[in-house]
1. Would you calculate the volume per residue, in Å³, of the smallest convex hull containing every Cα atom of chain B?
2. Helices from chain A with mean Kyte-Doolittle at least 1.6 and a Cα length along the axis of 30 Å or more, per DSSP H: which?
3. About its Cα centre, what dipole magnitude does region A:51-327 give when the only charges are +1 on Lys and Arg Cβ and -1 on Asp and Glu Cβ, stated in debye to the nearest 20?
4. Just to compare against my own numbers: the Cα pair-distance distribution for region B:14-74, 10 Å bins, whole % per bin, please.
5. Grab the beta carbon distance between B:Val112 and A:Tyr305, set R0 = 35 Å, and tell me the FRET efficiency rounded to 0.05.
6. Dimensions of the protein assembly as shown along principal axes (Cα, Å, largest first)?
7. For a quick protection proxy, order the peptides B:136-146, A:309-319 by their average other-Cβ count within 10 Å, most packed first.
8. Taking +1 at the Cβ of each Lys and Arg and -1 at the Cβ of each Asp and Glu, which of A:Ala196, A:Met55, A:Val110 sits farthest along the dipole of chain A towards its positive end, judged by Cα position relative to the Cα centre?
Amino acid sequence: MTPTHASSTPGLWSRLQEKSIEQLHIRLESIVVLLGLITLMAILSPYFFSVSNFMNILLATSTIGVLAIAATFVLSSGGLDLSLGSVLGLSGVVGATFAVNLGMPTPVAVLATIGAGALAGLVNGFVITRGFVPAFIVTLGMLGIARGLALVISDGRVIYGLPEWMVFLGQGRPFGVPMPVIIFIVVAIIMHIVLAYTRYGRHTLSIGDNENAARTAGINVEFHRLTLYTLSGGLAGLAGLLFATRINSGDPTAGITYELTAITAAIIGGTNLFGGRGSILGTMIGALIMGVLQNGLNLLAVQSYYQQMAIGGVLVLAVFIDQYQQRQETKV
Amino acid sequence: MSLLSLTGIKKSFGAVSVLHGVDLNVDAGEVVGLIGDNGAGKSTLMKIVTGIYQADEGSITLNDESVLDLTPGARRARGIEMIYQDLALAKQQDVASNIFLGREPVRNILGVKIVDRGRMKQEAQVMIDRLGAKLPSITRPVGSFSGGQQQSVAIARALTFDPKIVIMDEPTAALAVREVQSVLDLIRQLKSQGISVILISHRLNDVLSVTDRIVVLRQGTAAANLKTSDTSMSEIVSAIVGGGDVAEAAAHEARG
Ligand SMILES: Nc1ncnc2c1ncn2[C@@H]1O[C@H](COP(=O)(O)OP(=O)(O)O)[C@@H](O)[C@H]1O
Ligand SMILES: [Mg+2]
């Protein structure tokens with residue numbers, strides 16, 4: 001499956017691959033894996049292949065998918081955001097506090113939810129770009145801080161009873177499609193356009209590819225990074241909104257280890273762990289692979305402990321395959 | 001009249017004095033080789049020209065106008081372009097993305113500024129053709145290209161700034177032998193389009209084959225200024241190492 005070398009004539013696979021990457025920004029392998037996984041699950045479980053189950057998969061994928069979009073932007077710029085899951089939890093609690101404890105109207109509570117995430121991201125970005133602390137450390141610190149803050153604000157308890165219109169965002173089903181799925185797809189399309197077709201997106205990839213080249217070309221690398229971490233936090237806030245409104249409560253323990261799944265989805269989707277390459281469409285395939293995998297394991301009644309192990313294993317395997325291919329491609 | 005004129009350039013880093021008053025002139029369309037031993041100050045001098053370093057003393061004029069007070073960006077806008085040793089290429093991006101990095105053309109679609117890929121590819125192709133460079137595909141990541149092909153991408157990018165003078169610091173140092181020739185052809189191509197080139201290189205044969213004039217930096221000054229057609233390898237080498245130390249000169253030549 002490795003691409004042929006430049007000297008030999010490319011086969012059908014390589015030509016399709018090149019077109020797919022050039023036009024859709026998707027690596028074909030990820031589609032093959034998704035279809036293979038769907039086929040496997042359909043064979044293993046009689047409940048898998050149905051419209052309602054596909055809706056379940058999409059619904060479960062929506063929260064992780066939004067986080068995976070954040071992970072794609074940050075990773076492809078050569079950064080890392082380990083605080084995604086904790087910021088999701090913090091945002092949900094902040095939103096629930098605004099709506100329930102402070103009795104704020106829905107639009108204010110929604111903005112507060114997303115704003116709390118963006119603020120956490122801004123802090124990450126500020127310490128990384130102005131304090132010269134590695135992103136790994138800063139966002140690992142934020143993983144602890146945001147989770148702790150969520151527990152402090154909520155006093156360690158789940159905040160129940162969101163207003164009706166907020167619950168609609170998580171549980172409404174216009175035309176039979178869950179609202180989180182609609183929001184997720186709209187956000188994914190917008191962010192795909194941003195990453196693949198705007199100067200902001202192209203600069204994001206260039207910074208991850210060769211920071212010095214970007215700087216030489218006049219791109220304000222530090223400011224760009226600051227905006228990326230803020231965006232990442234804001235998307236985690238949106239994921240927190242989807243999660244909280246779906247379960248109709250602000251849960252301070254929501255989203256634990258979600259960064260693991262989100263980063264895995266981004267990497268399976270073809271994002272380069274070290275920056276320079278990434279696409280939201282690719283990540284969507286990656287998120288669906290994770291969604292199908294988790295759904296299938298649920299249907300097969302596999303305990304969630306094993307599911308954690310499966311996700312961790314998939315992450316390491318995906319990076320291994322990517323590294324292996326890169327070594328093959330650079331071989332002369 | 002010179003295009004670029006340096007007079008009495010001095011530069012020290014702390015207690016280390018690197019340049020003690022260097023004079024250098026480059027005419028329009030002229031290719032000048034700048035040579036000298038490691039640490040002679042060639043890269044430092046060129047960074048002073050592009051504005052990355054400030055000279056302690058001396059003047060720099062482009063078309064008789066001083067550029068000393070200009071930022072690197074403003075000097076670039078006036079036509080001083082430098083191609084760095086590491087080429088400053090984003091290796092996973094394609095040719096067009098690299099050539100237009102930081103100034104991608106955009107189209108307005110429903111109020112959103114979308115990068116105009118079609119125009120980028122087309123204009124990138126024009127630049128590549130203008131250089132006569134051969135690339136496998138302009139839509140492939142430049143990291144998959146050979147060193148010489150990457151060099152042509154960097155030069156094509158420089159061309160899009162409409163430079164009057166292009167400075168190249170060791171462009172052939174990391175190249176396979178057959179690729180060196182194509183880079184030398186690119187330099188001739190620039191010259192034929194009226195663009196001046198300053199070439200820094202340790203490969204004296206290349207310098208002899210492509211330059212009009214050769215300036216030797218030694219002990220912080222321009223120790224020799226030789227017309228390429230009137231000089232020889234041994235004259236250059238003895239200017240690099242200083243005086244008539246023939247044994248040392250031979251050793252240098254052997255090192256390449
Ligand atoms: N930024 C710097 N700080 C201190 N010393 C420097 C710096 N840049 C260059 N030098 C010193 O200046 C001298 C000339 O370096 P350089 O211009 O790179 O030489 P060349 O390019 O001719 O090999 C060397 O001794 C080098 O150590
Ligand atoms: Mg040097």
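Rule-based calculations on the coordinates, nothing more; no lab input. Being a predicted model, the structure only gives us computed values, none of them experimental. Using ideal geometry, Cβ is built from the backbone for each residue, glycine included, and neighbour counts are taken over all protein chains shown.
1. Cα convex hull per residue, to the nearest whole number: 142 Å³.
2. Going by DSSP H runs, the hits are A:51-76.
3. My answer is approximately 260 debye.
4. Spelled out bin by bin, region B:14-74 gives 18, 53, 27, 2 percent.
5. After rounding, the FRET efficiency stands at 0.15.
6. 90, 54, 46
7. Listed from highest to lowest mean packing, they are B:136-146, A:309-319.
8. Farthest towards the positive pole: A:Ala196.
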